[in-house]
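The values are calculated or read from the model by the stated rules, or taken from the named source; none is laboratory data. Fair warning: this is a prediction, and the values are worked out from it, not measured in the lab. Methodologically, a virtual Cβ is constructed for each residue, glycine included, from the backbone with ideal geometry; neighbour enumeration extends over all protein chains shown.
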Ligand code: SAM
């Protein structure tokens, strides 16, 4: 996926340039270098856990990535199905599971599927989505997500949809540049540019070292979503939003929704 900034970079580095989506195989080195162990998702997992009713059964985590939230959820004792589209992310997740204690590993099922159109032969007490994930989906794709979630919720089940708070309630500058080190010590640059008319933000991450070969340019396109719009979409898709929570510790907003016919349970 091209971004305006990626086009400029790729034009200047010639054949050294490699363009990839941030979650693709070619980006795996960059992603793993930038993922920090201390960002292990435990506070978010606890926040989700506070909304999971006791004995409500297995949890379906959509777009699980490399397991940043999956492992804390497993460590809290849940049985988790981790659904993810990217083979590169799944490789890392499966590798981490192989290294985990058997009682943790045995409570996790990994599925490669598209969160906008999946069919698993199972229903779940809870389906959850981490912050910074639904905003990867186009308006045309989100109804597929809502429909798939509805079909996989057990009676009385809950859909826990989180949004990055920057999307939900804060305004951000139109353009920013940042530089930060990966775990390897390698420096990366990040360019973020908002296009308010199109309601998207383009993110481009690349090596600070202009001589890097290959010069891997990772891109992501993030939809700028407002919480009221999310609530309206959920209601349109047949859910009732029963709580909106703004956890203090983390820049996220959590919506708890239940299929309308189940709202009394
Ligand atoms: N949940 C993980 C976390 O909190 O670290 C990963 C979140 S990351 C922001 C978004 C994830 O969504 C990536 O792993 C990406 O591969 C995945 N993804 C993007 N589109 C997807 C789709 N249509 N179906 C399933 N996963 C998808």
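See the values below:
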read-out: Tabulated pairs, segment 112-123, first farther than 12 Å from residue 152 by Cβ, second near the ligand (Cβ under 8 Å from one of its atoms) and in a loop (DSSP other than H, G, I, E, B), C-beta under 6 angstrom, 6+ apart or interchain; value: 114/85; 116/141
read-out: Strands (runs of 3 or more DSSP E) fully within segment 8-85 counting 2 or more residues that are more than 15 Å from the ligand (Cβ to nearest atom); value: 17-21
read-out: Residues of segment 143-165 that turn out to be under 15 Å from the mean Cα position of the chain (by Cα), over 22 Å from residue 79 (Cα atoms) and within 13 Å of the ligand (Cβ to nearest atom), as a count; value: 2
read-out: Residue within segment 91-112 that is more than 15 Å from the chain's Cα centre (by Cα), within 30 Å of residue 199 (Cβ to Cβ) and within 12 Å of the ligand (Cβ to nearest atom) present; value: no
read-out: The lone exception for residue 140 - which of (1) in contact with a strand residue (DSSP E or B) (Cβ under 7 Å, 6 or more places away or on another chain); (2) within 15 Å of the ligand (Cβ to nearest atom) it fails; value: (1)
read-out: Single match in 205, 222 (criterion: surrounded by 12 or more Cβ atoms within 10 Å (Cβ to Cβ), in contact with a helix residue (DSSP H, G or I) (Cβ under 8 Å, 6 or more places away or on another chain) and modelled with pLDDT of 95 or more); value: 205
read-out: Single residue of 84, 139, 44 found to be within 23 Å of residue 241 (Cα to Cα) and surrounded by 19 or more Cβ atoms within 10 Å (Cβ to Cβ); value: 44
read-out: Verdict on residue 54 being at pLDDT 95 or above, surrounded by fewer than 18 Cβ atoms within 10 Å (Cβ to Cβ) and over 19 Å from the mean Cα position of the chain (by Cα); value: no
read-out: Check on residue 228, at pLDDT below 95, buried (at least 20 other Cβ atoms within 10 Å of the Cβ) and not in a strand (DSSP E or B); value: no
read-out: Where a residue in segment 138-149 is closer than 20 Å to residue 199 by Cα and its partner, wherever it lies, is within 10 Å of the ligand (Cβ to nearest atom) and in a helix (DSSP H, G or I), with Cβ under 9 Å and at least six apart; value: 142/134; 145/134
read-out: Subset of segment 241-263 that is surrounded by fewer than 16 Cβ atoms within 10 Å (Cβ to Cβ) and touching a helix residue (DSSP H, G or I) at 6+ places or on another chain (Cβ under 9 Å) - its residue that is farthest from residue 163 (Cα to Cα); value: 260
read-out: Lone qualifier among 127, 203, 192 - being within 15 Å of the ligand (Cβ to nearest atom), in a strand (DSSP E or B) and within 22 Å of residue 80 (Cα to Cα); value: 127
